[in-house]
1. Does the range 110-123 hold any residues that are open to solvent by 40 Å² or more (accessible area, probe 1.4 Å) and either modelled with pLDDT under 85 or closer than 19 Å to ARG147 by Cβ (or both), and which are they?
2. Would you confirm whether or not the range 88-95 contains a residue that is modelled with pLDDT of 85 or more and in a loop (DSSP other than H, G, I, E, B)?
3. What are the residue pairs meeting all of these: first residue in the range 102-114, first residue free of Cβ contacts under 8 Å to residues at least 40 places away in the same chain, second residue part of a helix (DSSP H, G or I) and open to solvent by less than 60 Å² (accessible area, probe 1.4 Å), Cβ atoms under 9 Å, and 6 or more apart or on different chains?
4. Considering only the range 124-143, I want to know if a residue exists there that is among the acidic types (Asp, Glu) and modelled with pLDDT of 80 or more.
5. Within the range 13-47, work out how many residues are under 20 Å from the mean Cα position of the chain (by Cα), part of a loop (DSSP other than H, G, I, E, B) and over 22 Å from ALA98 (Cα atoms).
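The values are calculated or read from the model by the stated rules, or taken from the named source; none is laboratory data. A quick note: this is a predicted structure, and the numbers were derived from the prediction, not measured. Here the Cβ positions follow ideal geometry from the backbone for every residue, glycine too, while neighbour counts run over all protein chains shown. Note: areas computed on protein heavy atoms with side chains; ligands, DNA, RNA excluded. Shrake-Rupley method; radii C 1.70, N 1.55, O 1.52, S 1.80 Å.
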Amino acid sequence: MKVLDLQCAHGHGFEGWFGSHQDFDTQMAGGLVACPLCGDTVITKLLSAPRLNFGAAKPPDEAASSASRAPSTPAPPTTPASPASPSGPAADAAVDSAVGHWLRAVREVMSMTEDVGPRFADEVRKMHYGDAEQRGIRGQATPEEARELEDEGISVYPLPVPPALKETLQ
């Protein structure tokens, strides 16, 4: 199994799991690899270190004694990161965490609502005026339809749904 770090043209990072490097190449050539966030198929393979598992870690006593026998070398000097421009693994983890929370929220909304598609404006009006039973719905409305709904006192909120969430994720 090959686990590759990938990135779309919009800078969204994600992992791809493939049976082999040839599987990755075949899927890329067929346009089958897409960003789970935006659906972009322009994908770049990032550099990543292989994960090597050589068995169980050393017991704490053995690890401490081998560390005490290692020759002492001074640590290289470090420069503090600029607080104005966070970068590196911590910043990447924060972004990944925020994206993960957002994706979970979108999935939850999708699982708890009915997709009425382009009938959204008509359906929400029916519920607002008591012509239909209240229920959670989602769908598509043009910006003009959304403004008209707001003018009628009906609050609507846009929810951008990544194309990959519209299908079952593997």
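1. Scanning the range 110-123 gives PRO118, ARG119, ASP122.
2. No.
3. GLU114/GLU123
4. yes
5. 6
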